[in-house]
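Down below is the structure, laid out as structure tokens.
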Amino acid sequence: MLEKLKKVLNKEILKKFEKADLEKFRFLPVNEQNGVLFVACITHNIDIDTKIKEKFQSQIKYIPLPQEQFKELFAFAFATKTLSESESSNAVKATTKDVATNQTTSKRKRIGDILLEKGYVTEESLEKAFVQSQAKKEPIGSTLVRMNLLTVEQLKEALSEQQGVDAVSEKQLKFSDTLFKLFPREFLEENKLVPISSDGRSVVVGMVNPTDKKVLNDIVFLTGLKPDPRLLTYYEYDRSVNAFLKEADRKAKLFEHISSEHEIMQEETLAERVERDIKNDESSISKFTNQIVTDAIDIKASDIHIEPRFNNYIVRYRIDGILRKVVEIPTNIESSIISRFKVLAKMNIAEHRRAQDGAFSIKHKTKTFDCRINTIPIGSKEKMVIRILQPSVSMTGENKAISLVGAYEEDVKKLEWMIKIPYGIILAAGPTGSGKTTTLYSILNSLNNEDVNITTIEDPVEIRLEGINQIQVNPKADITFASCLRAILRQDPDIILVGEIRDFETLEAAIAAALTGHLVLSTVHTNSAAATVSRLMQMGAPNYLIASSLSGVIAQRLVRRLCPYCKEKYYASEEELRHILLNPDDIKEFQKKELYKPTGCAQCQYTGFLGRLGLFELMPINKEIRKMIAQSASDVDIEEVAISCGMKTLQQYCLEHIINGETPISEFVRVLGVVTD
């Protein structure tokens with residue numbers, strides 16, 4: 001473009017303007033052709049229009065240039081002898097002729113011809129699609145995709161070849177409210193384009209017609225950003241972008257209704273407001289708060305974070321251990337949303353200066369979900385986190401095999417040997433949300449039969465299992481882990497499950513039960529199997545009692561599983577491998593292995609991951625380890641002995657999953673951290 005402008009630059013037109021004005025307002029008249037004055041500029045503004053109208057009454061066509069190119073053209077205009085008017089006119093005509101020739105050539109090759117050449121479609125399917133495309137008034141390529149005669153990727157490839165523009169990737173089809181606000185809604189719909197990303201100087205836009213120069217110039221005028229056009233198929237626009245715009249409209253209308261209701265609420269007394277909120281389930285605020293929870297349930301989120309920002313509130317969901325922003329709440333309705341959740345949880349809506357806890361239930365798709373709420377003050381606002389507890393799942397107990405997703409067969413067998421001892425404590429260790437309860441219930445299911453009495457104490461009861469007695473913790477009725485455990489011992493139990501050992505009182509009762517011939521299963525929050533021993537000592541249990549009562553520890557984590565539909569092979573770099581390996585020989589060996597990394601597709605919502613799998617560190621307590629516990633050995637020493645006895649660490653487990661293509665290196669670092677020893 002810059003070289004063409006240099007060729008057609010007309011010195012006679014330049015003479016009509018003061019150089020100082022051109023420098024000040026940063027524009028350069030290039031040439032006039034067929035009543036149109038072509039003007040190069042960095043960004044268009046009304047001052048340029050005013051200056052040009054003083055000299056010319058022609059129609060003005062602006063040509064946006066990056067700052068560096070504009071400076072080069074400006075220097076060329078005043079430092080070099082430019083073409084005369086007649087020469088310039090001839091150059092314009094020649095350039096126009098060349099462009100016209102190129103356009104004619106490109107138009108000769110229709111999309112149907114390209115698809116036939118590539119063997120993607122047959123003439124018969126092309127004829128069928130043509131009839132339907134004419135009836136629906138849509139491009140023939142999109143019709144072929146709708147008829148399942150062509151894939152979106154094949155259509156993109158053909159269109160890119162036809163138009164000479166890179167296509168939008170599936171991963172890029174994540175839309176931002178902030179970018180959409182840069183453009184009028186009508187402009188997006190009329191020109192079938194979507195803003196994808198921006199670095200502050202340019203904006204990447206997906207366009208059904210990425211070669212439309214007029215639209216590209218309009219983008220510069222509207223945003224002041226240089227457009228970087230990418231090909232977007234009509235099918236993708238119709239399916240994805242329209243859905244996004246409709247959802248944005250729905251939210252805007254809902255926020256408008258909530259805002260109007262909020263104005264009415266401000267005139268009510270606190271008592272009137274609470275009474276109305278409890279009774280009213282049809283208001284826009286109620287519908288919106290319900291939708292926040294039900295949407296989270298639908299996409300299997302474990303937590304909802306409603307957090308204050310400088311100018312508004314945002315809602316984020318934790319999905320597979322990762323937080324994702326889903327919606328922004330306008331400032332004028334944020335207090336209504338927080339208050340509504342407080343009303344549902346029977347919390348004090350007038351209290352904003354201290355932390356509060358509450359709970360409520362919501363029915364969705366024939367199931368009832370329990371939700372726990374906690375609020376804390378953040379500056380002058382409040383942050384709210386809602387934990388979604390899945391409804392109690394019933395297990396029939398027909399399949400007695402222990403099932404641990406991600407565990408290898410030898411580790412399952414090791415666990416089966418561990419639970420054959422009819423007494424002692426078996427602990428599942430790990431942070432919140434690492435699958436400890438699921439592991440313990442898989443063990444309980446394998447032990448459950450008519451010959452044993454199994455009792456559990458939980459907070460809450462998440463999985464219902466036929467044939468066992470399950471007790472829900474209720475502190476108001478003095479049903480706590482410790483008090484209930486002492487009562488259970490008088491119920492002639494064989495196996496006891498305690499939801500969590502979190503204090504010395506519960507630990508003391510669990511040790512007493514284990515030492516009197518009962519098998520006790522429980523959970524504890526520690527970082528590794530060996531560190532669990534240190535944690536029990538730190539709670540106050542004597543080391544000799546821990547050595548006598550502890551049978552085994554299962555430390556575990558959950559990592560995200562790579563999407564099998566889009567994971568991509570690659571060879572890891574030395575720098576990347578240094579995060580997970582220390583031995584130089586191991587790093588060199590790993591560099592030769594084919595590993596996998598996430599890319600993103602429609603199947604995994606463009607995250608690159610689909611589901612999760614476990615990492616397990618099984619440490620049976622043998623005679624040697626018991627001696628070390630009794631001698632108050634450090635967790636480092638205990639771990640070394642356990643490894644020598646055949647224990648796989650969490651790091652080793654994750655490395656095996658990486659080699660098998662189940663998870664990437666990035667998940668190792670996210671869940672377990674960088675290897676240091």
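Taken as a whole, the structure leaves THR233 outside the set of residues that are closer than 16 Å to THR43 by Cα and open to solvent by less than 60 Å² (accessible area, probe 1.4 Å).
Among the conditions (1) within 29 Å of the chain's Cα centre (by Cα); (2) surrounded by fewer than 21 Cβ atoms within 10 Å (Cβ to Cβ), GLU450 misses just one, which is (1).
Looking across the stretch 583-596 at every residue that is closer than 18 Å to GLN651 by Cα and in contact with a strand residue (DSSP E or B) (Cβ under 9 Å, 6 or more places away or on another chain), the one that is least open to solvent (accessible area, probe 1.4 Å) is identified as LEU595.
I'd like the residue in the stretch 382-431 that is of a type in the set (Lys, Arg) and surrounded by 15 or more Cβ atoms within 10 Å (Cβ to Cβ) and, out of all such residues, is modelled with the highest pLDDT.
Ranking the candidates gives LYS383 first.
Among the residues of the stretch 366-381, the ones that are more than 24 Å from the chain's Cα centre (by Cα), open to solvent by 60 Å² or more (accessible area, probe 1.4 Å) and free of Cβ contacts under 8 Å to residues at least 60 places away in the same chain come to 5 in all. Within the stretch 153-181, the set of residues being more than 15 Å from GLY119 (Cα to Cα), modelled with pLDDT of 75 or more and within 24 Å of the chain's Cα centre (by Cα) comprises ALA167, VAL168.
Just for the stretch 45-55: of the residues that are within 46 Å of the chain's Cα centre (by Cα) and surrounded by fewer than 18 Cβ atoms within 10 Å (Cβ to Cβ), which one is modelled with the highest pLDDT?
So the residue we want is ASP49.
Of all the numbered requirements in (1) touching a strand residue (DSSP E or B) at 6+ places or on another chain (Cβ under 6 Å); (2) surrounded by fewer than 19 Cβ atoms within 10 Å (Cβ to Cβ), ASP298 misses one, and that requirement is (1).
In the set GLU3, GLU23, only one residue is in contact (Cβ under 8 Å) with a residue 24 or more places away in the chain and under 17 Å from LYS71 (Cβ atoms); that residue is GLU23. For the stretch 72-96, the set of residues classified as open to solvent by 80 Å² or more (accessible area, probe 1.4 Å), within 23 Å of LYS213 (Cβ to Cβ) and modelled with pLDDT of 50 or more consists of GLU72 only.
The one condition from (1) touching a residue at least 24 places away in the same chain (Cβ under 8 Å); (2) touching a helix residue (DSSP H, G or I) at 6+ places or on another chain (Cβ under 8 Å); (3) in a strand (DSSP E or B) that ASP228 does not meet is (2). Among the candidates SER361, SER403, which residue alone is within 29 Å of the chain's Cα centre (by Cα), part of a loop (DSSP other than H, G, I, E, B) and polar (S, T, N, Q)? After ruling out the rest, the residue left standing is SER403. Out of all the residues in the stretch 524-544, which are open to solvent by less than 50 Å² (accessible area, probe 1.4 Å) and over 38 Å from the mean Cα position of the chain (by Cα)? GLY540, ALA541, PRO542, ASN543 - these are the residues of the stretch 524-544 that are open to solvent by less than 50 Å² (accessible area, probe 1.4 Å) and over 38 Å from the mean Cα position of the chain (by Cα). Open to solvent by 70 Å² or more (accessible area, probe 1.4 Å), over 20 Å from GLY430 (Cα atoms) and modelled with pLDDT under 95 - does that describe any residue in the stretch 609-622? No; the residues of the stretch 609-622 include none that is open to solvent by 70 Å² or more (accessible area, probe 1.4 Å), over 20 Å from GLY430 (Cα atoms) and modelled with pLDDT under 95.
Can VAL636 be described as open to solvent by 70 Å² or more (accessible area, probe 1.4 Å), within 18 Å of ALA529 (Cβ to Cβ), aliphatic (A, V, I, L, M) and in contact (Cβ under 8 Å) with a residue 24 or more places away in the chain? Criteria met by VAL636. Of all residues in the stretch 313-354, which are touching a residue at least 40 places away in the same chain (Cβ under 8 Å), more than 22 Å from SER284 (Cβ to Cβ) and not in a strand (DSSP E or B)? Within the stretch 313-354, ASP320, GLY321, ALA350 meet the criteria. Considering only the stretch 566-581, state which residues are open to solvent by 60 Å² or more (accessible area, probe 1.4 Å) and aromatic (Phe, Trp, Tyr). Once the filter is applied, which keeps residues that are open to solvent by 60 Å² or more (accessible area, probe 1.4 Å) and aromatic (Phe, Trp, Tyr), the stretch 566-581 yields only TYR571. Scan ARG490, ARG486, ARG502 and give me the residue that is under 19 Å from MET539 (Cβ atoms) and more than 41 Å from the chain's Cα centre (by Cα). After applying the criteria, what remains is ARG486. Candidates in the stretch 301-312 are the residues that are open to solvent by 40 Å² or more (accessible area, probe 1.4 Å) and free of Cβ contacts under 8 Å to residues at least 24 places away in the same chain; of these, the one that is nearest to THR607 (Cα to Cα) is ARG309. Take the conditions of a type in the set (S, T, N, Q) and out of contact with any Asp or Glu (no Cβ under 9 Å at 6 or more places or on another chain) and apply them to ASN312. Does it pass? Judged against the criteria, ASN312 is not a match. Evaluation of SER58 against the conditions (1) within 45 Å of the chain's Cα centre (by Cα); (2) surrounded by fewer than 19 Cβ atoms within 10 Å (Cβ to Cβ); (3) touching a residue at least 12 places away in the same chain (Cβ under 8 Å) shows that the sole unmet condition is (1). The one condition from (1) crowded, with 18+ Cβ neighbours inside 10 Å; (2) modelled with pLDDT of 75 or more that SER240 does not meet is (2). Just to be sure, is GLU667 in a helix (DSSP H, G or I), farther than 15 Å from SER528 by Cβ and within 23 Å of the chain's Cα centre (by Cα)? Criteria met by GLU667. None of ILE463, ILE471, ILE457 is among the hydrophobic types (A, V, I, L, M, F, W, C) and closer than 14 Å to VAL520 by Cα except ILE457.
Does THR456 satisfy the condition of being modelled with pLDDT of 90 or more, open to solvent by less than 20 Å² (accessible area, probe 1.4 Å) and either of a type outside the set (D, E, K, R) or in contact with a helix residue (DSSP H, G or I) (Cβ under 8 Å, 6 or more places away or on another chain) (or both)? Answer is yes for this residue.
Here GLU466 passes the criteria (1) modelled with pLDDT of 85 or more; (2) closer than 26 Å to GLN556 by Cβ; (3) surrounded by fewer than 21 Cβ atoms within 10 Å (Cβ to Cβ) except the one numbered (1).
Applying the set (1) within 23 Å of THR455 (Cα to Cα); (2) among the β-branched types (Val, Ile, Thr); (3) not in a strand (DSSP E or B) to THR526 leaves exactly one unmet item: (1).
The values are calculated or read from the model by the stated rules, or taken from the named source; none is laboratory data. Source: prediction; values computed, not measured. Don't worry about glycine lacking a Cβ; one is built from the backbone with ideal geometry, like all the others, and counts go over all protein chains shown. Ligands, DNA and RNA are stripped out before the accessible areas are found, and what is left, the full protein with its side chains, is counted by its heavy atoms. Shrake-Rupley method; radii C 1.70, N 1.55, O 1.52, S 1.80 Å.
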